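Taking it in order: structure first as structure tokens, then the write-up.
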Amino acid sequence: MKHFINLKDIPAKDLRKILVDAKNRKKKRQKLNTLEVDKGSPLEGKLLIQMFEKSSLRTRLSFYLAIKQLGGGTLTLRSNELHLGEGGETLEDTAKILSTYGDGFILRTDNDNKIENFKDYLSIPIINGLSPSSHPTQVLSDIFTIEEIKKKPISKLNITWIGDSNNVLNSLIAASVKFNFKLNIGCPKNYVPNKLVLDWVKKNKRKIHIFHNVREASINADVILSDKVISLNDKVNKKIKISQFKNFRITQKLISHAKKDCIFLHCLPRGSEVEERVFFSKQSKVWQQALNRIHVQKSILLYCFGKLR
Ligand code: CP
Ligand code: NVA
């Protein structure tokens, strides 16, 4: 059994194994319908319990389909439906019950410690379905999408992030160390990545490149990624923050500084950080990116259940 909480804590060779398995499984499903089960039904009889303390469209649906396609099933809970959410039961007891009824647990929360606490009391794997510090299933799937489209290992590509230093970027930074790719970040001066994240990069003897000018960050990019300026857990003055990012929008002019065949990715949902012209352009691969979450998360589930070959 393995947990999937933060990319920085997962060995690079395991992350690569997950991507290889996802590629093979995706290829073999070309003629199958949405709910048809993969040959061998590797997670038959398994129950995945998902709990969302905040909104989700893609993560909940893609995990629903992922476990279904592996032969298992899922139950999705809102935290306020549990005694735990009302303060009427401890996390320890809740974790023990989840482990009694279920085989795996996904948690989306505003509190990173809660994931760690659940990990301590669960006897089933826990997957981070997004927390303030990271969004690991999203970013591993994005690496898959990039390699699928570019037909090259990501270590041979220039990746640029334009936007807030948030959970998705933290996971992308962790991925840049694990997969050894060049990462440029374009962000305002007062929105650079967290010191703990930068120290971890240094400790691993790697470098990321931070720019406060979007043009410089985008020169020669093979891929430009972005995300909302205001994240779900942001308790900021939204108007002020959005105005501080006014020079950090993904526009067609900006994309023209990147390589000719540069692609644009966005985890979604989107805000005003990307021009419609870019979002709906041929270079934008956001729908393929969203679809691939099913394929990669299947292999993440197999990894967590100890069934990845
Ligand atoms: N990208 C992503 O995680 O989307 P949801 O918030 O809709 O799950
Ligand atoms: N950074 C965003 C990602 C949403 C999928 C958030 O945390 O809201």
Worksheet entry | Filter result for Ser171 (open to solvent by 30 Å² or more (accessible area, probe 1.4 Å) and either within 14 Å of ligand 1 (Cβ to nearest atom) or out of contact with any strand residue (DSSP E or B) (no Cβ under 8 Å at 6 or more places or on another chain) (or both)) | no
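Quick check, is Lys54 modelled with pLDDT under 95 and within 16 Å of ligand 1 (Cβ to nearest atom)?
yes
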Worksheet item: Quick check: is even one residue across segment 95-117 away from ligand 2 (no atom under 15 Å from the Cβ) and β-branched (Val, Ile, Thr)?
Response: yes
Item to complete: Just give me the residues in segment 222-259 being hydrophobic (A, V, I, L, M, F, W, C) and either within 16 Å of ligand 1 (Cβ to nearest atom) or within 21 Å of Lys189 (Cα to Cα) (or both), in sequence order.
Response: Ile224, Leu225, Val229, Ile230, Leu232, Val236, Ile240, Ile242, Phe245, Phe248, Ile250, Leu254
Worksheet item: Only one residue in Val274, Val229 is free of Cβ contacts under 8 Å to residues at least 60 places away in the same chain and of a type in the set (A, V, I, L, M). Which one?
Response: Val274
Worksheet item: Looking only at segment 174-206, which residues are within 25 Å of Pro11 (Cβ to Cβ) and assigned to a loop (DSSP other than H, G, I, E, B)?
Response: Phe179, Asn180, Phe181, Pro193, Asn194, Asn204, Lys205, Arg206
Discussion item. Being surrounded by fewer than 24 Cβ atoms within 10 Å (Cβ to Cβ), more than 15 Å from ligand 2 (Cβ to nearest atom), of a type in the set (Ser, Thr, Tyr) and not in a loop (DSSP other than H, G, I, E, B) narrows it down to one residue among Ser155, Ser123; which is it?
Written reply: Ser155
Worksheet, complete the sentence: Residue hits (segment 212-232; more than 12 Å from ligand 2 (Cβ to nearest atom), in a loop (DSSP other than H, G, I, E, B) and surrounded by 21 or more Cβ atoms within 10 Å (Cβ to Cβ)) are Ala221, Asp222
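Scan segment 277-293 for residues that are free of Cβ contacts under 8 Å to residues at least 60 places away in the same chain, open to solvent by less than 10 Å² (accessible area, probe 1.4 Å) and either more than 17 Å from Ala221 (Cβ to Cβ) or away from ligand 1 (no atom under 14 Å from the Cβ) (or both) and report the count. Spell out the reasoning first.
Step one: filter segment 277-293 for residues free of Cβ contacts under 8 Å to residues at least 60 places away in the same chain, giving 277-284, 286-287, 291.
Those left that are additionally open to solvent by less than 10 Å² (accessible area, probe 1.4 Å): 278-279, 286.
Now narrow it down to the ones that are either more than 17 Å from Ala221 (Cβ to Cβ) or away from ligand 1 (no atom under 14 Å from the Cβ) (or both): 278-279.
Within segment 277-293, residues that are free of Cβ contacts under 8 Å to residues at least 60 places away in the same chain, open to solvent by less than 10 Å² (accessible area, probe 1.4 Å) and either more than 17 Å from Ala221 (Cβ to Cβ) or away from ligand 1 (no atom under 14 Å from the Cβ) (or both) number 2.
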Worksheet item: Mind checking whether some residue in segment 188-204 is under 25 Å from Lys285 (Cβ atoms) and more than 19 Å from the chain's Cα centre (by Cα)?
Response: no
Discussion item. Would you confirm, using the coordinates I've provided, whether Leu140 is touching a residue at least 24 places away in the same chain (Cβ under 8 Å), within 15 Å of ligand 2 (Cβ to nearest atom) and open to solvent by 10 Å² or more (accessible area, probe 1.4 Å)?
Written reply: no
Fill in: Matching entry among Glu116, Glu148 (being open to solvent by 20 Å² or more (accessible area, probe 1.4 Å), closer than 19 Å to Asp14 by Cα and outside any loop (DSSP other than H, G, I, E, B))
Glu148
Worksheet item: Within segment 247-266, which residues are among the β-branched types (Val, Ile, Thr) and either in contact with a Gly (Cβ under 9 Å, 6 or more places away or on another chain) or in a helix (DSSP H, G or I) (or both)?
Response: Ile250, Ile255
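The values are calculated or read from the model by the stated rules, or taken from the named source; none is laboratory data. This one's a predicted model, so the numbers in the text were calculated from it and none came from an experiment. We place every Cβ from the backbone using ideal geometry, glycine too, and count neighbours over all the protein chains shown. Remember, those area values only see protein heavy atoms, side chains included, never the ligands or the DNA or RNA. Shrake-Rupley method; radii C 1.70, N 1.55, O 1.52, S 1.80 Å.
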